Structures are given as C-alpha cells and as structure tokens.
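Before any comments, here is the structure.
The values are calculated or read from the model by the stated rules, or taken from the named source; none is laboratory data. Please read all numbers here as calculations on a predicted model, not as lab measurements. Positions of Cβ are backbone-derived with ideal geometry, glycine not excepted, and every protein chain shown enters the neighbour counts. Quick note on the areas: whole protein, heavy atoms, side chains included, nothing else; ligands and nucleic acids left out. Shrake-Rupley method; radii C 1.70, N 1.55, O 1.52, S 1.80 Å.
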Amino acid sequence: MKQTKHFLNLSDLPPDELKAILANAHALKKQKFNPPQIFDGLSLAMVFDKRSTRTRVSFEVAMKQLGGHTIVMSMDEIQLGGSESIESTGNVLSRYVDGIMVRMSDPAPLAELAKHSTIPVINGMTDASHPCQIMASLLTIEEKLGSIEGKKLAWFGDSNNVSNTYAEAAPLFGFEFTLSTPPDLKPPPDHPLFKDSRYVKYIKDPKEAAKDADVLITDTWVSMGQEGKDIEKFWPYQVNAELTACAKDTAIFTHCLPMHEWEEVSEEIARSPASVIYDEAENRLHAQKAILAWCLQDAGVHVQQGQLDLGRGA
Ligand code: CP
Ligand code: NVA
C-alpha cells in the first residue's frame, strides 16, 4: 500500500529525499516571481495551539502563490481535542482538504493524527522538533556558504525543539553539529540524537564550541510554554562579539526567530553583516513550497529534483 507522505520528523525520510526537497527549495526560490501553479485546486488546513508569524504566513503564502488555498484554525476553533477524537478529525479533514499542517506542543497527538489521515500531515513545530525550520536554515546556509555537507554548525544556549532538529539533520545531510549549553542540559550519553559523534557532539565551553565554526546559531532561552523560566545560567552562552571571534572569519549567524536581542544574542551580532536571520525567515516560504510539493505528490504534484520545470501532473 502507498505510504501517505507525512512530514513529521526529518529522520522519517531517506537522506536522498530530504536532499531533493532542499534542491527543489533552491529551484522554487529562483522561480519566486513566476511561481508554477502546481497546487491549483488544492487546500491545506492549518491548526495552531501556539502563536506563529513565520510558519503561519509562509505556509499560507506558499500555498496561495502556487495556486492553492488555506484554512487556518486555532486549537480553540477546531473540535479536535475537545468534543472530537483525533481519529475522527483525521478522517474528516482527509475528506475535505489535501494536507494538514499542525503546530502542537505534544508530538504524540500529531503522530496519532497522521495515523488516522489519508492526506499528508506536516509538523509545524512541537516541543520536540521543528523540521520545517531546519529545511529553511539549510537552504540559507547553502546560499551563503555552498553545500551543507561538511560544514560546522555550532549552537549556543538552550537545548530545545530547534537544536534537537539540527542534531537530527546532521547525519542525514552530512554536517557537523556542536551543541554548547549549560552542563545540566547536556544530553545523556545514550541520547539517540548524539549516537554518532562524527556528526553531533556536546561541548560545554562555548568558545571551544565556536572554534572554526562556519555557522553560529542560537534561539530564545525561553521557548513558548516556558514563560517564567530562570535564564541566569545561559549568560555565558550568549552569541556576542567575543564568541564570534572564535569562529571562522567567514562565519555567519542565524536564528529561527523570534529573537530576544541582548539575551541569547547581542544586538551588534544580530545586526552585523554576518547575520542571515531575515534570509532564513524569507526562506521559510521557499522551503515550505518544496515540503508541500513533496507531501502533495499523491494529489498530482510532480517536481523534478533541482530543476526549474516544476509541473502539475495528471
Ligand atoms: N521560527 C518560527 O517558527 O517562527 P513562528 O513561531 O513565528 O512561526
Ligand atoms: N524554541 C522556540 C522556537 C520558536 C520558533 C519555541 O519553541 O518557542
């Protein structure tokens, strides 16, 4: 039986398919002023249990620019989780729309929804992962520095959904990912994301972690849902001029946003020429198009890897 093309975790996909999505994101960006109408007549439902600017707007614009439609609901507006089961919701939405994008704190009900949907379910961020973000980040790094393979990425501050997904992506795309966090956040030695030290490692000392890095990355110290958290222990991990001086001269800085200047990153680094934060934000749009095109293949969407003649099949 044909497998529905859910986009829940990067590691659910073979590396070649992930690389093809990335190649298509590059191709679709080149066509941004002449977007192929490959989603003509298709609809995407989006459900959010948390705030969003980039994920919501980029998915909506991606669908619409390529000819499709969107329906956006907050978790308060949909019956899901209230008077209707996940199973029923998955079955019903599968009869109306062609894909579902969900931002949901808990990854378990998201996986359950995918199980009961005959259309693709896309992970728009959980407390455990943020795969769409990482596709946009890799697109940005490749634009600035060339192929992601062999690049050294260093992460500073909290260990969270975004850092987890960089660690997951590292062996799949062949880059090195160093996590530098306060020691109490060091992943346990048997953590599955840290099983291959060729790709993923932990270094407590932020300056050592920044050494020879191609890309410096951080994220908020207080993710959504963690309001009131004590941030004192994170100060040594701020990305600032002192830390950046340890990286390669050509190193770039990125952040998924939203950002808190003078907490996880100094204003001078966030606004420096090395900062690619808004390129990455724009690239959410181009990456979403490629992710949607991959997911919607069963709806007749065909794209050739890295080519510009993207088209809608029969
Ligand atoms: N980076 C990101 O996912 O941003 P939003 O929370 O605004 O969607
Ligand atoms: N780690 C952040 C990412 C926001 C896009 C959060 O979960 O709030």
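Annotation: residue 133 fulfils all but one of (1) within 16 Å of ligand 2 (Cβ to nearest atom); (2) of a type outside the set (A, V, I, L, M); (3) open to solvent by 40 Å² or more (accessible area, probe 1.4 Å); the unmet one is (3).
For residue 79, the criteria (1) of a type in the set (S, T, N, Q); (2) free of Cβ contacts under 8 Å to residues at least 40 places away in the same chain; (3) open to solvent by 40 Å² or more (accessible area, probe 1.4 Å); (4) within 16 Å of ligand 1 (Cβ to nearest atom) hold in every case but one, which is (4). In the set (1) out of contact with any Cys (no Cβ under 9 Å at 6 or more places or on another chain); (2) in contact (Cβ under 8 Å) with a residue 40 or more places away in the chain; (3) of a type outside the set (S, T, N, Q), the condition left unmet by residue 6 is number (1). Within region 270-279, one or more residues are modelled with pLDDT of 95 or more, away from ligand 1 (no atom under 16 Å from the Cβ) and open to solvent by less than 40 Å² (accessible area, probe 1.4 Å).
In this entry, residue 99 passes the filter for residues that are buried (at least 20 other Cβ atoms within 10 Å of the Cβ), in contact with a helix residue (DSSP H, G or I) (Cβ under 9 Å, 6 or more places away or on another chain) and among the small types (Gly, Ala, Ser).
Out of 89, 4, 53, which single residue is surrounded by fewer than 20 Cβ atoms within 10 Å (Cβ to Cβ), hydroxyl-bearing (Ser, Thr, Tyr) and over 25 Å from residue 257 (Cα atoms)?
Just a single option satisfies the conditions, and that option is 4.
Residues that are without any contact (Cβ under 8 Å) to a residue 40 or more places away in the chain, within 17 Å of the chain's Cα centre (by Cα) and either within 12 Å of ligand 2 (Cβ to nearest atom) or part of a helix (DSSP H, G or I) (or both) within region 158-189 comprise 159, 164, 167, 170, 171, listed in sequence order. The set of residues in region 207-239 being open to solvent by 20 Å² or more (accessible area, probe 1.4 Å), over 27 Å from residue 105 (Cα atoms) and not in a loop (DSSP other than H, G, I, E, B) consists of 207, 208, 236.
Residues considered: 203, 217, 148. Of these, the only one that is touching a residue at least 24 places away in the same chain (Cβ under 8 Å) and within 16 Å of ligand 1 (Cβ to nearest atom) is 217.
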